[in-house]
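Q: Pasting a structure below so you can have a look.
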Amino acid sequence: MAMSIAQDLRKRAGHVWARRLPLLGLVVLSALPMNAHEFITTNITWNREISRVFHRRCISCHHSGGPAFDLSSYRQVRPWAEAIKHEVLERRMPPWGAIKGFGTFQNEDALSETEIALISSWVEGGAPQGDPGLLPKQTTVGKAASLPSGTTETLSLAGGTLTLKQTVRIAAVRPETLPEGASLRLIAQRRDGAIEPLLWLYRYAPRFRRTYYFKTPMTFRAGTKIQMVPPVGSLSLLLAGE
Amino acid sequence: MLSLILVSALLGSAASQVEVPSLDYVCPMDPEVRAALPGSCNRCGMKLVVGVADPLEYGLDLELRPRAPRPNRPVEVFFVVKEPNTGKRVQEFEIVHERPFHLFVLSESLDFFLHEHPTLGRDGRFRFTARFPKPGMYRLLCDFYPKGGTPQMLVRTALIPGTRGLSLSTLPAELTAGLTEKNGPNMAVELDLQPRVPIAGAQTMMFFRIKPVDGFEKYLGSWSHLLASSDDLVDVIHAHPFLADGGPQVQFNMIFPRARSYRLWAQFQRKGVVNTVVFDVTVSELQ
Ligand SMILES: [Cu+2]
């Protein structure tokens, strides 16, 4: 933690200040504690906009006792501001692992373009706290999507193309063995020539492996080709029951 | 206008931990624009709203007809917007920049760009007729604002088959950075960046300079529309000017997300003619 605060400071000093005031910026910053007055150049605040995004998209993992460090209050979040901006812009956090708008999913928890812009502008503008009266009243931790049960049968796609032998309803896709950092797109080519986007995995991180549940199961007739581009590993297609 | 107080001054100006009057009115399109009193946004003209909205994401279904379109033939493109909680079809939209729906279409190689405005039919579907010039992947950025909701900026994907199925490119689009002046049909445009080489995650100020300036007019309610896409089509960003007044300079501020190449399409209108100019920029890693 101490390490990352130092890193955070270095990054801030490096690009928000040093660009304009190379020496002054560094000197002043290193002399001040973390919550000292900073240049605030944004109207976006933690209490108004950012806390709401975090409650929806981050707190389910980032709470005390959860799988990741606590990000539920301004005091916890502020020292991480630079790292947060970076993770969000690189699309590593939240660890959804897929690009939005290529297939639609019921358990999707990626940030929208608007939310990414909001968070990065807030951090770039000095990550202000804002009016405490605007904090959300109740903390609505993002509801866990109720995922279909009874998906027992799976089809395996190991590299390249799978031609369906019978009509199936695909409920979900699950990465099996893929190299760390791999990106791929999964598409379905129907018999009538129509092509549909299924899933675009981006920089696969095995420690965040998860199953991608389509908004509604997709029906494909025999002869449909399911194709992975580039063919870098293996996936399971989870079939829906009746 | 007087009531509009913009605290977000130019980058690096005054320190402000000072008390500011409570700026309860906010532009739904641009959360940086605040005011103490009701009015409309000086950047986009939207009516300012009071209170804190929860920005829920709406459903958006894309349908192509025919389902397997041929390159360069007309395709009917339909969009259905759905309410996030009930899934009900949404039929009422705010007019933003003179239209209820702005659509940008990009090809995978980024050599095709379209800014279109699907129209709302009686059945509550947005539709328009497109031609996709080549087989491949197209990303569709959809910008709309359901009444009672918050502005939406959603991407969808259309896949256009070739004669032997589809071959997706596994390489990013080839872009060559260069800020040399570009020419539209009746305008020349220069671009100046600050910093000169944008840094991923940091604010970049982009100054477009146009000439000649006589006859320069708003295009769909804005002095300019800007679309940026990364070479891998992962980041697709739509922006409006930070500062513009009808003079020769139009300023945009943008945070480029990642250290990659980006293509920018900037649109300006002069004497009724829309000029779309293209610039490629390379964004560097923070050192
Ligand atoms: Cu438009």
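Q: Taking square-rooted eigenvalues a ≥ b ≥ c of the alpha carbon gyration tensor, is the stretch B:118-248 rounded, prolate or oblate, where a/c under 1.5 means rounded and, failing that, a/b exceeding b/c means prolate?
A: The shape class here is oblate.
Q: Quick one: net charge around residue A:191, please, counting Lys, Arg +1 and Asp, Glu -1 for every other residue with C-beta under 15 Å from its C-beta.
A: +4
Q: Calculate the mean, over all residues of peptide B:197-205, of how many other protein chain Cβ atoms lie within 10 angstrom of the residue's Cβ.
A: Mean number of neighbouring Cβ atoms from other chains: 4.
Q: Cα centroid distance between the stretch B:220-287 and the stretch A:48-108, in Å?
A: First find each Cα centre; the distance between them is then 27 Å.
Q: Which whole-Hz ³J(HN,Hα) couplings does the stretch A:227-241 yield from phi under the Karplus relation 6.51 cos²θ - 1.76 cosθ + 1.60, θ = phi - 60°, glycine and proline marked x?
A: Karplus values, whole Hz, x for Gly and Pro: 10, 10, 10, x, x, 10, x, 10, 9, 10, 9, 8, 8, 7, x.
Q: So which lysines can residue A:165 reach, going by Cα to Cα under 29 Å and dropping same-chain residues fewer than 8 places off?
A: Within the straight-line cut-off, residue A:165 pairs with A:215, A:225.
Q: What number comes out for the charge environment of residue B:134, summing +1 per Lys or Arg and -1 per Asp or Glu over other residues with Cβ under 13 Å away?
A: +1
Q: Could you list which residues have their amide H under 5 Å from that of residue B:48, counting only those 5 or more apart in sequence or on another chain, with H placed in the peptide plane?
A: The list, which skips near neighbours in sequence, is B:39, B:40, B:41.
Q: Please list, or write none, the aspartates and glutamates whose alpha carbon is within less than 14 Å of the alpha carbon of residue B:182, excluding same-chain residues fewer than 8 places away.
A: Output for residue B:182: B:190, B:192, B:280.
Q: Mind listing the long-range amide H neighbours of residue B:94? Cut-off is under 5 Å, sequence gap 5 or more, other chains count too, H placed in the peptide plane at 1.01 Å from N.
A: B:145, B:147
Q: Would you please classify the overall shape of chain B from the alpha carbon gyration tensor, given that a ≥ b ≥ c denote the square roots of the eigenvalues, rounded means a/c under 1.5, and beyond that prolate means a/b larger than b/c while oblate covers the rest?
A: oblate
Q: Calculate one ³J(HN,Hα) per residue across the stretch B:257-269 by plugging θ = phi - 60° into the Karplus curve 6.51 cos²θ - 1.76 cosθ + 1.60, and present them in order as whole Hz with x for glycine and proline.
A: Per residue, the Karplus-derived 3J(HN,Hα) values read x, 10, 7, 8, 8, 10, 10, 10, 10, 10, 10, 9, 10 Hz.
Q: Given a 1.4 Å probe and no ligands, DNA or RNA in the count, how much accessible surface is buried by A and B, both sides, to the nearest 100 Å²?
A: 4600 Å²
Q: When you look at the Cβ of every residue in A:52-64, what mean number of other chain Cβ atoms sits within 10 Å?
A: Average per residue, whole number: 1.
Q: Of the cross-linked pairs B:82/B:134; A:100/B:218; B:88/B:147, which ones have a Cα-Cα span greater than 23 Å in the structure shown?
A: Over 23 Å apart, Cα to Cα: B:82/B:134; A:100/B:218.
Q: Across the stretch A:70-82, in residue order, what do the Karplus-derived ³J(HN,Hα) couplings come to in whole Hz, using 6.51 cos²θ - 1.76 cosθ + 1.60 with θ = phi - 60° and x for Gly and Pro?
A: Coupling constants for the stretch A:70-82: 5, 10, 9, 9, 4, 4, 6, 7, 3, x, 9, 3, 4 Hz.
Q: Points 7 angstrom from Cα along the Cβ direction at residue B:91 and residue B:174: gap in nanometres?
A: 5.1 nm
Q: Next up: Using the Cα gyration tensor of the stretch B:182-282, with a ≥ b ≥ c the square roots of its eigenvalues, what is the shape: rounded (a/c below 1.5), prolate (a/b larger than b/c) or oblate (neither)?
A: Taking the square roots of the gyration eigenvalues as a ≥ b ≥ c, the stretch B:182-282 is prolate.
Q: Separate question: When we measure straight from the Cα of residue B:271, which aspartates and glutamates land under 14 angstrom away, once same-chain ones fewer than 8 places off are left out?
A: Those aspartates and glutamates meeting the cut-off are B:214, B:217.
Q: Under the rule of at least 5 residues apart or a separate chain, name every residue whose amide H is placed under 5 Å from the amide H of residue A:214.
A: For residue A:214, whose amide H was placed from the backbone, the distant partners under 5 Å are A:106, A:172, A:173.
The values are calculated or read from the model by the stated rules, or taken from the named source; none is laboratory data. Being a predicted model, the structure only gives us computed values, none of them experimental. In this analysis, Cβ positions are derived from the backbone assuming ideal geometry, glycine residues included, and neighbour counts consider all displayed protein chains. The protein model used for the area step is the full one, side chains on, heavy atoms only, and it has no ligands, DNA or RNA in it. Shrake-Rupley method; radii C 1.70, N 1.55, O 1.52, S 1.80 Å.
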